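Encoded as structure tokens, the structure appears first; notes follow it.
The values are calculated or read from the model by the stated rules, or taken from the named source; none is laboratory data. As the structure is a computational prediction, the values presented were derived from the model and not from experiment. No Cβ is skipped: glycine too gets one built from the backbone with ideal geometry, and neighbour counts run over all protein chains shown.
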Amino acid sequence: MQQVILGRTGISVSRLVYGTLPMGPLQAALSPEEGGRLIRHALEQGITMLDTAELYGSYPHIRAGVEGYRGQLTIVSKTHAPDAATARSHVERGLRELGRERIDIVHCHAARVADPFVDRSEVIEALLKMRDEGKIGHVGLSTHYISAVRKAARHPEIEVVHPLINRTGMGIIDGTAEEMSAAISDCAASGTGIYAMKALAGGNLISSARESIGYVLGLPGVHAVALGMLSTEEIEANVRLFSTGGIDPDVWQQLESRTRHLRIMERFCKGCGQCVPACVNGALSLVNDKATVDEGVCVLCGYCGAACPEFIIRVV
């Protein structure tokens with residue numbers, strides 16, 4: 001698979017990044033053994049970068065998948081912490097659960113923070129300190145805000161940005177796909193590594209997956225794209241698409257016919273409302289004391305599931 005240099009980090013990565021969110025407890029809830037087998041298959045197919053986060057619950061899957069692996073590998077994680085102490089605890093837990101001495105890249109996970117350099121300044125400082133301690137290789141920023149991508153271009157301490165971008169602009173908080181694309185191009189021009197998230201808008205663009213992936217891959221400044229994959233067939237189809245542009249029409253017809261939804265088990269919902277502020281796109285509300293989703297806004301990230309104390313929300 002084609003390798004690219006991720007900005008000034010100097011890290012060589014595959015253009016296809018394995019996003020591990022869907023295999024974790026927020027979505028498909030695969031066992032670590034099942035997820036590990038998929039990850040190992042992806043690595044053997046030429047994927048060299050794995051994307052995870054404190055929220056995803058996929059550290060055990062990654063550890064199972066990379067055990068004994070001696071090939072090229074970059075692991076990226078994220079902390080959604082609001083303060084320095086929590087950020088440190090997130091990174092240290094990641095190191096323990098992954099069984100590693102260093103995580104290659106850790107993002108300040110600030111999807112709904114318009115200016116993380118103000119509102120998450122102590123988190124960024126904590127990550128930079130852990131970088132100096134050798135626990136982190138490079139510090140990054142993941143965001144749904146165009147303004148945050150533009151600010152990152154002026155902050156050289158942020159070496160990687162993980163922005164939300166898809167051809168419809170779904171999930172972008174403060175503008176359009178075209179405006180985010182321009183911000184990405186400018187940020188990459190400053191030397192920042194860019195790998196995109198939500199190219200399929202959390203599954204909402206699955207019916208046009210090839211077109212949607214092609215759109216993001218073709219944007220100036222996008223070095224790589226993270227995709228969640230839940231089968232060997234899906235991994236192999238995407239590897240081939242990213243490597244040669246080739247497709248198996250029967251396989252892609254099957255892949256693009258899938259549908260996914262946010263399922264709220266209404267019978268068990270107690271109406272606590274904790275899921276509502278956890279939704280980064282404002283897709284949840286309480287109606288008659290029950291959580292309700294606006295599927296036209298939901299990007300199927302599953303973060304609301306992590307906030308639900310009753311564990312009754314799942315992407316299926």
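Quick notes on this structure:
- Of all residues in the stretch 147-161, exactly one satisfies the criterion of being more than 19 Å from Thr9 (Cα to Cα) and either buried (at least 24 other Cβ atoms within 10 Å of the Cβ) or out of contact with any helix residue (DSSP H, G or I) (no Cβ under 9 Å at 6 or more places or on another chain) (or both), namely Ala148.
- No other residue among Ala114, Ala64 is aliphatic (A, V, I, L, M) and under 19 Å from Gly24 (Cα atoms) apart from Ala64.
- Near pairs, Cβ below 6 angstrom, 6+ apart or cross-chain, from the stretch 108-133 (in the same structural domain as His144 (by TED's automatic domain parsing)) to any residue that is among the basic types (Lys, Arg): Cys108/Arg120; His109/Lys78; Ala110/Arg120; Val113/Arg120; Phe117/Lys151; Ala126/Arg88
- In the stretch 249-278, of all residues being among the polar types (S, T, N, Q) and free of Cβ contacts under 8 Å to residues at least 40 places away in the same chain, the one that is surrounded by the fewest Cβ atoms within 10 Å (Cβ to Cβ) corresponds to Gln253.
- Test: residue in the stretch 132-146 that is at pLDDT 95 or above and touching a Pro at 6+ places or on another chain (Cβ under 7 Å): yes
- The lone criterion from (1) of a type in the set (Gly, Ala, Ser); (2) farther than 17 Å from Gly19 by Cα; (3) surrounded by fewer than 16 Cβ atoms within 10 Å (Cβ to Cβ) left unmet by Gly305 is number (3).
- Meets criteria (modelled with pLDDT under 90 and under 17 Å from the mean Cα position of the chain (by Cα)) for Val316: no
- Of the strands (runs of 3 or more DSSP E) lying entirely inside the stretch 1-108, those containing at least 3 residues that are buried (at least 24 other Cβ atoms within 10 Å of the Cβ) and modelled with pLDDT of 95 or more are 16-19, 49-51, 74-79.
- Positions within the stretch 29-77 being under 17 Å from Ala224 (Cα atoms) and under 15 Å from the mean Cα position of the chain (by Cα), in sequence order: Met49, Leu50, Asp51, Thr52, Thr74, Ile75, Val76, Ser77
- Qualifying residue in the stretch 112-120 (condition: crowded, with 23+ Cβ neighbours inside 10 Å and of a type in the set (Lys, Arg)): yes
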